[in-house]
Amino acid sequence: MEKLILRRVDRNNEEMILNFGPQHPSTHGVINFIVETDGEVLRKAVPDVGYLHRSIEKIGEVTGWHGFMPFTDRIDYVAAMFPNEGYATAVERLTGIEVPRRAQYLRAISCELARIASHLVSLGTMSMDIGAFTPMLHGIRERETINDLIEALCGARLTYNYHRIGGVAFDLPEGWKERTLAFLDHFDKFLVEFDRLISFNEIYVRRLANVAVITGKDAVDYGLVGPNLRGSGVDWDVRRDLPYGAYDDFEFAVPVGQGFKGTVGDCYDRYYCRCLEMGESSKIVRQALLQLPEGEIMAPKVARNLKVEAGEALSRVESARGEMAFYVVADGTNKAYRVRARTGSFTAMGIIESASPGLMIADLVALIASLDVVAPEIDR
Amino acid sequence: MPRTPKLPKLSPRAVVLLTLALGLGLPAGLFGAVLVLSPLAQPDFFVRAVLGHDPATWPHAHLVYGLVMALLAFMLINFGAIISGMTVWWEMRVSSRMQSRIGYNRAGAAGFFQWIADAVKLLFKEDLIPAEADGMLFRAAPYFVMTGFALTFVALPFGESLIAADLNVGIFYLTAVTALVVVGILLAGWSSNSKWALFGGMRSAAQVVSYEIPAGIALMVPVLMSGTLSMQGIIRAQGAWPWQWHAFTNPAAAVAFVLFFISQLAEGNRTPFDLPEAESELVAGYLSEYSGFRFALYFLVEFGNLWVMAAISATLFFGGWQVPGVGPEVYAAAKGAGAVPALGWWGLQLLSMVVMVAKTVVVLNVIVWVRWTLPRMRIDQMMNLCWKFLVPSAFVAFVFTLLWQLLVARAPALGLVTGVVLTGAFLVTLILFGRQVKANIAAAGDHVDLTNW
Amino acid sequence: MTTSEIHDLLKARFGEDVSAAPPPPKGDAWLTVKAERLVEVCRFLKETAGLEFDFCEDLTAVDWPKRNVIEVVVHLLSYKLKHSLVLKVEADRGSPVVPSLYPVWKTADWFEREVYDLFGVTFTGHPDLRRLLLPDDWVGFPLRKDYAEQGGWHGIDNVRENPLVELKRLDDSARAEAAKSASPAPAAAPPATPAPTSQA
């Protein structure tokens, strides 16, 4: 049977049809693009996803309410704190469980560290896609320290499973606060170094500035979220505009793309917004650690065999890849009736087909990297 | 917060000794072979002086000549292979330090034998030829590349009289045979019957052909300045001290060196011009379908070419093997009257070889730094750079040199003054660069630690 | 604006085609829209000053076999006014058809393809309705409650034996081996002389 996706490209003309992926170094996971090219210039790139589909939403309907938590890690394994938090928040909204303040702070701390780690991976792989190998390893080096910290916090380095419905699993270990503060001191210096190494590199800037411009209107229309949306000049951050958890306690700026080196909404804006966001996250972690209130880390009396009365709720959290929304529907039993995760990468993939015409192959790589798509988040 | 992993303690003494013995012995042996064989390869000299025959009448002269030449060629190919292996090791060590990694540290002291292990591994791998590929061309392509690479060593100078053949069109010969590499790459791209490989091949063709032009014009500048195409002639036209080097006696030659260096990076497919094998865009470009030893040949050539690039730069712009204070009359005096040169002459040859190798290694190091620092350009930017900037600049440098030569002929002091000024400027730049590096390292909360190597 | 305020506005314009469920004690309230007026309602929500739902946050579906409907759920958010809204459209389970929201929000493209893929809801007016995550020739709609696995796809098995079963089998065979070598051991004790080797 002919694949239906091939209807999207014209195979009867002189152009070349390329299979860009699923095993390609710069698709950031198993994603396939059917690319129609005229030499180096793209006519169109049509994404073909689903290679990493693990039916996590279906799994959510058969595990219990608590049992789904480890599976949410796998939705976005580059920054697994956010699906944790999103799912927990959704269920808390549905059940009315009040999360203790300390637990909310711990959530914010862990999430912001995860955001830094995720952005480091994203920016590193982006610079690698542009051809510079060294910044990526520098990013990975810093991420390693964050992994160590999070490991000390929850025992896992990748799929954290740290948040719980009603709080978090573990309190801070001894000396963790000092270690983290020391890391942040070091990290702020690293950001300057990273900028000097790659962000302001002339070749790098020319590769990204004015490439694949996505206007603010298009970004909203196509449902881009997070740094991709802000890179297009739309000033929106769930943490600031619809605060959840402890975020209304913190002072932080929301970096918005302003055509740092070219046009608003080009690849460089998306890239540099992430760079600035890491600094803001570092500020948030510092504030949260210094203001950390004493108290419980779990809401009292969250039943092990949780039964949730019929209803539905949507939670929004600002993940590293933008707004992550969990939509849960309950029918009064001890299992979710429907769990739905709306992720940033999913909608980011949707814009590639319309943003790709006229780019060069190297620009497509830059576009994919600058949208920071992560395959498990697309397919779930 | 450690910036760079602390390396494990030193390897056992025996391993260190073995590594040192091999690491120094292999190149020293090959250099020695070059040292001995290149004078011997002159039939006139060898047949007449050593064997005691008149080459014009002796029937076996050509046989002997061919034999020695074959031996020298074998040594040079081996030299190319081994030097490219060592370059891999050096590059990996340097890059691992740049990237806060440990890097090679298993096979031999400091992982020195890793390149041997890699080569052996590739040798044992299955030699896959894709079913739909054009088998004959696919098999032939690596030989083109290898031939183009190996032939360069014929005209590459190593010392005062250490050169396989001092062709009177030496530099033309070099540009001609290095162009053979692109034929191999194009063949590889086409015969693989893979779209990625084809992309790589086409990119490489466009890139190498374009960058031949600025490179060719830029190297005309030292040719004009020395009035010869012969490699040895160009070196002899320069002095030993920096202010006598081509790069510093003429402002246009300094520019020409930069142009030549950039073009060489492009011709050698090195970052920021590694588009033909851009792994994040084209998977592996023209290499996509290659495996096993054919792949190893491409790799060997890629890294071996670094040496060629660096050696040509050192020859044309940095005075080649010229040893300070050792002029041609010293060589002549040391040679003595006997048929076989005196021991002192051999020592001088060795010294000139060391100077040449040192200069080459410095340039090579710069290439490695560039590779691990810069991102990759896009194909249109690369073409723009070549046709809009490098080619016109090369022409300007060329014309400037023509006028400059007239000026210098009138006022010879001008050359010396420029030399001293440019050398000074270069030294100041170096010092400022070093201080900036040190300041950057300090700003990142780290310090220079040379013991952690 | 809250859901009930928006409902009042919509009722004035669209009458009974938009209805509200009684607000739940916890969680989100929602409005139910008749399928045929959905695009109109959404365009109104997007373009009316004071509503301005410029962001289609999510579009998904929930299967209710007992009520024999598939609900298509649309979450809207306004970046400017910072309010949100949940819209629901009910479609018949037998042949669910809902008009596409692609003309209103382009992001509906992929969301609708996903719902089509996993629930089998057909979106009329969608420019390119084909499966998104699953292969084109997949049978069934996995997120429906009565979905049964087809047992494989093009010879690729999707049922896997529990690894413990294999371990037990290995265990059993090892035990049987041990028992065999233990019990007939006396019988086999007199070593039979290997005829061919002794001749050599």
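The values are calculated or read from the model by the stated rules, or taken from the named source; none is laboratory data. Source: prediction; values computed, not measured. Note that we place each Cβ from the backbone using ideal geometry, even for glycine, and neighbour counts take in every protein chain shown.
Which of (1) closer than 19 Å to A:Asp379 by Cα; (2) within 13 Å of chain A (Cβ to nearest Cβ) does C:Tyr79 not meet, given it meets every other one?
Going through the list (1) closer than 19 Å to A:Asp379 by Cα; (2) within 13 Å of chain A (Cβ to nearest Cβ), C:Tyr79 breaks only (1).
How many of the residues making up segment A:10-29 are more than 8 Å from every other protein chain (Cβ to nearest Cβ), crowded, with 18+ Cβ neighbours inside 10 Å and assigned to a loop (DSSP other than H, G, I, E, B)?
Matching residues across segment A:10-29 total 5.
Give segment A:196-221 a look and list any residue that's buried (at least 16 other Cβ atoms within 10 Å of the Cβ) and either within 14 Å of chain C (Cβ to nearest Cβ) or over 25 Å from B:Ile379 (Cα atoms) (or both), or say none.
Scanning segment A:196-221 gives A:Ile214, A:Gly216, A:Asp218, A:Ala219, A:Val220, A:Asp221.
Got at least one residue in segment A:94-101 being surrounded by 17 or more Cβ atoms within 10 Å (Cβ to Cβ), touching a strand residue (DSSP E or B) at 6+ places or on another chain (Cβ under 7 Å) and part of a helix (DSSP H, G or I)?
Yes.
Since C:Asp146 meets every condition but one in (1) facing another protein chain (nearest Cβ under 10 Å); (2) charged (D, E, K, R); (3) part of a loop (DSSP other than H, G, I, E, B), which condition does it not meet?
C:Asp146 satisfies all of (1) facing another protein chain (nearest Cβ under 10 Å); (2) charged (D, E, K, R); (3) part of a loop (DSSP other than H, G, I, E, B) except (1).
Restricted to segment C:84-112, and to residues that are charged (D, E, K, R) and farther than 27 Å from C:Gly27 by Cα, which residue is surrounded by the most Cβ atoms within 10 Å (Cβ to Cβ)?
C:Asp109
If B:Ser393 meets every condition in (1) more than 14 Å from chain A (Cβ to nearest Cβ); (2) surrounded by fewer than 18 Cβ atoms within 10 Å (Cβ to Cβ); (3) closer than 30 Å to A:Ser199 by Cα apart from one, which number is that one?
(2)
Out of B:Val370, B:Val323, B:Val355, B:Val361, report the one residue that is in the same structural domain as B:Glu267 (by TED's automatic domain parsing), touching a Phe, Trp or Tyr at 6+ places or on another chain (Cβ under 6 Å), among the β-branched types (Val, Ile, Thr) and modelled with pLDDT of 80 or more.
B:Val355
Which residues, taken from segment B:268-285, are touching a Phe, Trp or Tyr at 6+ places or on another chain (Cβ under 8 Å) and within 18 Å of B:Pro142 (Cβ to Cβ)?
Within segment B:268-285, B:Pro276, B:Glu277, B:Ala284, B:Gly285 meet the criteria.
Looking only at segment B:281-320, which residues are of a type outside the set (A, V, I, L, M), in a helix (DSSP H, G or I) and over 18 Å from B:Leu198 (Cβ atoms)?
B:Gly292, B:Phe293, B:Phe299, B:Glu302, B:Phe303, B:Gly304, B:Asn305, B:Trp307, B:Ser313, B:Thr315, B:Phe317, listed by residue number.
If you take the residues of segment B:254-285 that are of a type in the set (A, V, I, L, M) and within 19 Å of the chain's Cα centre (by Cα), which of them is surrounded by the most Cβ atoms within 10 Å (Cβ to Cβ)?
B:Ala256
Residues in segment A:331-355 that are in contact with a helix residue (DSSP H, G or I) (Cβ under 9 Å, 6 or more places away or on another chain) and over 19 Å from A:Arg43 (Cβ atoms): how many?
14
Here's a check for you: in segment A:178-194, which residue that is within 9 Å of chain B (Cβ to nearest Cβ) and of a type outside the set (D, E, K, R) is farthest from A:Ile140 (Cα to Cα)?
A:Ala182
Looking only at segment C:95-108, decide whether some residue is aromatic (Phe, Trp, Tyr), within 11 Å of another protein chain (Cβ to nearest Cβ), under 23 Å from the mean Cα position of the chain (by Cα) and part of a loop (DSSP other than H, G, I, E, B).
Within segment C:95-108, one or more residues are aromatic (Phe, Trp, Tyr), within 11 Å of another protein chain (Cβ to nearest Cβ), under 23 Å from the mean Cα position of the chain (by Cα) and part of a loop (DSSP other than H, G, I, E, B).
Does B:Ser263 satisfy the criteria of being under 30 Å from B:Ala409 (Cβ atoms), free of Cβ contacts under 8 Å to residues at least 40 places away in the same chain and not hydrophobic (A, V, I, L, M, F, W, C)?
No; evaluated as a whole, the condition is false for this residue.
Considering B:Asn105, B:Asn168, which residue is under 30 Å from B:Thr315 (Cβ atoms) and not in a helix (DSSP H, G or I)?
Testing whether each residue is under 30 Å from B:Thr315 (Cβ atoms) and not in a helix (DSSP H, G or I) leaves just B:Asn168.
What are the pairs, 6+ residues apart or on separate chains, where a residue within segment B:398-421 that is on the phi > 0 side of the Ramachandran plot has its Cβ under 7 Å from a residue that is basic (Lys, Arg) and surrounded by 10 or more Cβ atoms within 10 Å (Cβ to Cβ)?
none
Among the residues of segment B:72-87, is there at least one that is away from every other protein chain (no Cβ under 14 Å), under 30 Å from B:Asp446 (Cα atoms) and not charged (D, E, K, R)?
yes
I'm told A:Tyr87 meets every condition in (1) more than 11 Å from every other protein chain (Cβ to nearest Cβ); (2) assigned to a loop (DSSP other than H, G, I, E, B) except one. Can you identify the failing condition by its number?
(2)
Starting from residues that are within 14 Å of another protein chain (Cβ to nearest Cβ) and without any contact (Cβ under 8 Å) to a residue 12 or more places away in the chain, keep the ones in segment C:8-60 and report whichever is nearest to the chain's Cα centre (by Cα).
Only one residue fits best here, namely C:Gly27.
Go through the residues of segment B:122-131 one by one and say whether even a single one is under 13 Å from B:Leu297 (Cα atoms), surrounded by 16 or more Cβ atoms within 10 Å (Cβ to Cβ) and in contact (Cβ under 8 Å) with a residue 12 or more places away in the chain.
Taking every residue of segment B:122-131 in turn, at least one turns out to be under 13 Å from B:Leu297 (Cα atoms), surrounded by 16 or more Cβ atoms within 10 Å (Cβ to Cβ) and in contact (Cβ under 8 Å) with a residue 12 or more places away in the chain.
Conditions: (1) exposed (fewer than 12 other Cβ atoms within 10 Å of the Cβ); (2) more than 18 Å from B:Phe248 (Cβ to Cβ); (3) at pLDDT below 85. B:Pro412 meets all but one. Number of the miss?
(2)
Within segment A:368-380, take every residue that is more than 10 Å from chain C (Cβ to nearest Cβ) and in contact with a helix residue (DSSP H, G or I) (Cβ under 6 Å, 6 or more places away or on another chain) and give me the one that is nearest to A:Leu208 (Cα to Cα).
Ranking the candidates gives A:Ser370 first.
Output the number of residues of segment A:117-157 satisfying the condition of being under 16 Å from the mean Cα position of the chain (by Cα) and either away from chain B (no Cβ under 14 Å) or of a type in the set (S, T, N, Q) (or both).
The total comes to 6.
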